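See structure below.
Quick note: the coordinates plus some simple rules give every number you see, no bench work behind them. Bear in mind the structure is a predicted one, so any value in this text is a computation, not a measurement. Here the Cβ positions follow ideal geometry from the backbone for every residue, glycine too, while neighbour counts run over all protein chains shown.
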Amino acid sequence: MKMQLAEIAKAVGSVPEHDERQAVITSVSFDTRSIQPGALFIPLSGARDGHDFIDSAIANGASAAFWQKGHPGAPTDFPLVEVDDPLTAFQDLAKHYLNKVNPTVVSITGSNGKTTTKDMIAAVLSKGYNVYKTQQNFNNLIGVPYTILSMKPSTEVLVLEMGMDRPGQLHHLSELVRPDVCVITMIGEAHIEFFGTRDKIADAKMEITDFLREDGEFIFNGDEPLLRARAKKLVQRQRTFGFEDDDTIYCTGFSSYKHHASFFINGSKRKFRIPMIGKHNVSNAMAAINVGRHFNVPDEQIAAALAHFKPTANRMEWVKGTLGEDIMDDVYNSNPTAAKAVLTSFANVRTTHGGKRIAVLGDMLELGEESPQLHASLASSLDPDVISDVYLYGPDMHYLYDAIKSKYGQHVHYYETAEQAQMTADLKTIIKPHDLVMLKGSHGMHLEKVLVQLQQEGKREV
């Protein structure tokens with residue numbers, strides 16, 4: 001972005017203080033640690049009041065800042081734009097810049113797979129367009145405006161991941177971006193603590209279509225009856241993907257290997273390949289194919305993009321441990337649907353030289369009253385003849401421990417939250433060079449710390 005402060009102030013219904021109308025703003029930041037010269041500082045309120053960090057923002061090179069009207073401590077010699085609420089102003093500025101650049105907007109949500117699908121779609125569309133996509137996990141009411149304001153003026157297609165954990169959030173984001181294409185990957189149990197039922201989760205996910213443009217298109221998982229039923233209320237064009245032959249694009253066969261999966265779809269003899277494993281990632285890829293075809297990207301280019309796209313870190317990424325063991329790093333988030341899909345994929349990866357499969361599972365958070373049975377339900381995806389050892393971490397994983405201890409015996413291990421270090425030490429004593437290790441848990445369980453320890457040199461004996 002590149003805007004004079006006067007334009008920014010007008011966009012949010014204010015005027016700049018200190019008559020700094022010609023000051024040029026080239027970025028925005030709500031974190032003083034990432035401020036660049038020329039930045040507009042957005043003092044958001046969270047665990048701390050962002051206004052408290054104005055001195056740090058100035059010291060790190062900020063050129064101006066929003067300031068809530070009447071808030072004490074305003075600097076007297078620094079350009080400020082007074083606003084009623086910094087977050088609302090932040091969103092209003094993003095809407096202004098979005099309208100100014102005017103890219104085609106693709107918005108993506110879903111209980112699982114939205115980040116991977118976003119990466120796939122961005123790779124596909126980059127074959128024919130200037131594309132900017134959501135970085136890291138900037139997918140909420142703060143992250144989406146930040147993403148918009150970070151795109152270059154030359155952006156032709158903006159690919160936005162959108163997350164939610166409460167009703168109304170996707171409605172607000174849909175109003176902000178007014179998408180041209182909406183994608184829903186699937187409906188699972190993520191955040192069911194706040195919704196109660198999958199029906200209500202589906203209602204909340206469908207909010208992404210509330211401001212879908214009349215000439216836009218809705219692309220969704222056609223194998224989900226909850227989405228099929230709700231899609232009937234929309235007048236916009238629709239395409240589906242899945243594994244049933246009434247989907248617009250459906251899989252006619254797939255194979256999953258250690259580091260990739262390949263698959264075929266209806267109406268084409270072309271083999272598609274993705275650098276990820278699992279049926280659920282094939283589903284994500286078919287969503288991306290639908291989007292590519294919406295934008296008239298040839299199948300040949302779609303296939304090339306999917307074969308070489310780079311997934312966001314910590315999403316079923318294979319890394320090496322200290323002894324040379326292969327570790328499936330999937331520690332960013334977890335819920336029952338995702339965990340079962342990953343366990344199935346992991347179970348199908350071939351071992352070599354007598355290696356064994358070891359699963360490390362952390363609690364799946366925000367499952368509410370259904371958490372005990374949902375954790376226990378993972379038992380159906382665990383077979384001691386396939387996954388030989390299971391390490392369970394967190395209070396709710398005790399329900400899974402109770403469900404599988406009879407069939408796993410001494411090969412299932414349970415640890416309380418305070419025992420992560422002990423679990424890591426125990427893992428180090430049993431892992432051998434040809435083993436396969438899977439790490440899966442909600443981000444709040446911090447299994448990434450276990451991963452770091454398993455990759456540290458000089459800490460283990462062969």
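What's the total number of residues in segment 63-94 that are in contact with a Pro (Cβ under 8 Å, 6 or more places away or on another chain) and either touching a residue at least 40 places away in the same chain (Cβ under 8 Å) or hydrophobic (A, V, I, L, M, F, W, C) (or both)?
The number of residues fulfilling the criteria is 13.
From the list 406, 380, which residue is of a type in the set (Gly, Ala, Ser) and under 25 Å from residue 201 (Cβ atoms)?
380
Restricting attention to segment 44-80, and to residues there that are among the aromatic types (Phe, Trp, Tyr) and more than 13 Å from residue 31 (Cβ to Cβ), which single residue is surrounded by the fewest Cβ atoms within 10 Å (Cβ to Cβ)? Spell out the reasoning first.
From segment 44-80, those among the aromatic types (Phe, Trp, Tyr) are 53, 66-67, 78; that's our starting set.
Those left that are additionally more than 13 Å from residue 31 (Cβ to Cβ): 66-67, 78.
Numbers: 66: 28, 67: 24, 78: 19.
The residue in question is 78.
Evaluate segment 197-216: report whether one residue or more is closer than 30 Å to residue 349 by Cα and surrounded by 19 or more Cβ atoms within 10 Å (Cβ to Cβ). Spell out how you get there, then give the answer.
In the first step, residues of segment 197-216 are kept if they are closer than 30 Å to residue 349 by Cα; the result is none.
Scanning segment 197-216 turns up no residue that is closer than 30 Å to residue 349 by Cα and surrounded by 19 or more Cβ atoms within 10 Å (Cβ to Cβ).
Being touching a Leu at 6+ places or on another chain (Cβ under 7 Å) and surrounded by fewer than 20 Cβ atoms within 10 Å (Cβ to Cβ) is the filter here, so list the residues in segment 334-356 that pass it.
Of everything in segment 334-356, those that are touching a Leu at 6+ places or on another chain (Cβ under 7 Å) and surrounded by fewer than 20 Cβ atoms within 10 Å (Cβ to Cβ) turn out to be 340, 349, 351, 355.
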